[in-house]
Ligand code: GLU
């Protein structure tokens with residue numbers, strides 16, 4: 001259902017398949033998705049693979065897969081098809097050639113036979129002269145106000161010399177548009193180069209192909225990173241040459257490192273795939289990127305949003321101009337909130353495969369059926385939920401719930417063992433073994449009653465018990481941990497441990 005009058009809203013995410021999905025790309029995709037869904041429009045993913053040299057095999061599929069894993073499913077794409085395809089630019093070459101022909105015929109574009117060396121020399125010369133490098137229009141035909149006779153151009157064409165096709169940028173005009181995020185923006189055409197539209201390999205450039213496709217795919221709103229703002233005059237001129245109505249534009253603020261430099265791979269991960277591999281969950285990542293440049297408005301303290309909620313609340317008007325700092329601590333915090341709130345059966349679903357993998361790789365002295373059961377995992381999750389940073393840590397960080405310790409934290413042992421520790425421990429193990437009640441409460445009562453007459457504090461045994469039953473010196477409440485591990489496991493570990501740890 002469309003909630004605004006006028007043409008159906010259609011947005012697009014147009015990644016180049018050069019490798020991974022950048023977090024900035026995920027934000028662009030998300031904002032396009034949110035805007036379209038909010039007004040009942042369509043969200044399209046178009047693969048812009050016109051730079052064949054930078055194209056990475058399989059990157060298009062993996063981009064879409066990562067997007068879908070994050071919950072952003074396109075209405076039209078190479079995966080799902082649609083009425084405006086193909087959605088891969090390399091499959092649309094005939095279309096670009098046809099529109100290029102039109103611009104040549106209209107005298108809006110011209111052949112350029114300048115070689116790479118000539119262009120390079122020209123650039124160096126202009127830089128030396130302190131002027132902004134631009135094509136010197138050597139091949140601009142006489143018929144278009146240049147110096148090159150048509151006969152020379154024809155000669156080159158007949159020779160089959162390699163060429164590119166450039167757009168002719170009108171001299172000294174002002175190019176203006178109203179950006180949804182940035183307001184009115186104006187450019188002087190004198191600063192705009194005669195952009196190459198068609199390359200010598202017959203492929204269009206990004207600028208040319210994307211304008212044509214945005215028009216043919218009936219895109220109504222172009223939402224993309226600020227780095228594309230400077231391309232606006234070229235794009236607007238192309239719309240004008242063709243006599244097409246330009247869509248609306250929203251240029252999103254830059255993503256910055258905490259030191260306010262432009263977000264780059266050098267200062268840490270920027271690939272969504274890497275964050276997922278580290279254990280961040282897609283819904284938390286999406287929540288995090290939603291807040292990179294958008295907020296709900298003054299007075300709202302809310303930071304945790306589901307995708308459905310974002311669809312309801314998102315608006316382009318609330319996207320800021322100022323660069324958005326990519327603060328990994330915030331992502332960590334959001335991730336924790338998601339883990340705290342996630343239903344236990346969902347966590348079990350996610351961690352079971354990890355546990356199965358570990359159990360396939362190493363053997364355990366524990367009862368495999370028991371430790372893989374939903375009941376046992378629920379107990380581990382309840383105990384550890386507040387302590388883990390990532391879902392996979394229910395397995396990795398809490399490995400002692402599934403495997404007996406092989407080693408004991410040496411520093412913790414050195415700190416916690418006294419001359420009589422093993423002796424007192426041995427006596428307590430015998431008492432524990434004789435008890436039928438292995439509940440946390442009862443273990444606590446027993447331990448306190450046991451140490452008091454010896455003139456010891458509970459800590460005298462608490463730490464050694466933890467170290468011998470888990471291998472490490474920190475963790476959840478000891479008594480609850482022992483209850484979850486179960487009597488058989490605990491007694492086995494304590495007996496084995498007491499023999500191994502000597503002072
Ligand atoms: N293919 C461009 C990119 O890789 C798309 C830019 C745009 O959205 O117009 O970012």
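Has segment 487-503 got any residue that is loosely packed, with under 12 Cβ neighbours inside 10 Å and under 28 Å from residue 385 (Cα atoms)?
No; the residues of segment 487-503 include none that is loosely packed, with under 12 Cβ neighbours inside 10 Å and under 28 Å from residue 385 (Cα atoms).
Can you find a residue that is assigned to a helix (DSSP H, G or I), within 28 Å of the chain's Cα centre (by Cα) and within 16 Å of the ligand (Cβ to nearest atom) anywhere in segment 169-185?
Checking segment 169-185: not a single residue is assigned to a helix (DSSP H, G or I), within 28 Å of the chain's Cα centre (by Cα) and within 16 Å of the ligand (Cβ to nearest atom).
In segment 325-346, what residues are within 24 Å of residue 271 (Cα to Cα) and either free of Cβ contacts under 8 Å to residues at least 12 places away in the same chain or assigned to a helix (DSSP H, G or I) (or both)?
328, 329, 330, 331, 332, 333, 334, 335, 336, 337, 338, 339
Of everything in segment 29-43 that's over 19 Å from residue 82 (Cα atoms) and buried (at least 23 other Cβ atoms within 10 Å of the Cβ), which residue is nearest to the ligand (Cβ to nearest atom)?
Step by step, filter segment 29-43, then rank; the result is 31.
Say we look at segment 50-60 and pick out the residues that are within 13 Å of the ligand (Cβ to nearest atom) and over 20 Å from the mean Cα position of the chain (by Cα); which of these is surrounded by the most Cβ atoms within 10 Å (Cβ to Cβ)?
Result: 50.
Return only the number of the condition from (1) in a loop (DSSP other than H, G, I, E, B); (2) at pLDDT 95 or above that residue 397 does not satisfy.
(2)
Only residues that are more than 24 Å from residue 423 (Cβ to Cβ) and assigned to a helix (DSSP H, G or I): list them for segment 470-487, please.
480, 483, 484
Hey, residue 198 hits all of (1) within 12 Å of the ligand (Cβ to nearest atom); (2) touching a strand residue (DSSP E or B) at 6+ places or on another chain (Cβ under 8 Å) but one; which does it fall short on?
Result: residue 198 fails condition (1) only.
Taking segment 13-28 as the search range and keeping residues that are touching a helix residue (DSSP H, G or I) at 6+ places or on another chain (Cβ under 7 Å) and closer than 17 Å to residue 319 by Cβ, which one is nearest to the ligand (Cβ to nearest atom)?
Out of the qualifying residues, it is 13.
Quick one: which helices (runs of 4 or more DSSP H) lie wholly within segment 224-316 and hold at least 2 residues that are crowded, with 20+ Cβ neighbours inside 10 Å and either touching a strand residue (DSSP E or B) at 6+ places or on another chain (Cβ under 7 Å) or in contact (Cβ under 8 Å) with a residue 40 or more places away in the chain (or both)?
Correct list: 232-242, 272-278, 282-290.
Which condition number does residue 194 fail, the rest of (1) touching a residue at least 12 places away in the same chain (Cβ under 8 Å); (2) surrounded by fewer than 17 Cβ atoms within 10 Å (Cβ to Cβ); (3) out of contact with any helix residue (DSSP H, G or I) (no Cβ under 8 Å at 6 or more places or on another chain) being met?
(2)
State whether the residues of segment 222-235 include one that is more than 16 Å from the ligand (Cβ to nearest atom) and in contact with a helix residue (DSSP H, G or I) (Cβ under 8 Å, 6 or more places away or on another chain).
No, that holds for no residue.
I'm trying to understand the selection: among the residues of segment 138-160, which are in contact with a strand residue (DSSP E or B) (Cβ under 9 Å, 6 or more places away or on another chain) and assigned to a loop (DSSP other than H, G, I, E, B)?
Within segment 138-160, 138, 139, 140, 146, 147, 149 meet the criteria.
The values are calculated or read from the model by the stated rules, or taken from the named source; none is laboratory data. All values reported here derive from a predicted model rather than from experimental measurement. All Cβ positions, even for glycine, are placed from backbone atoms using ideal geometry, and neighbour counts span all protein chains on display.
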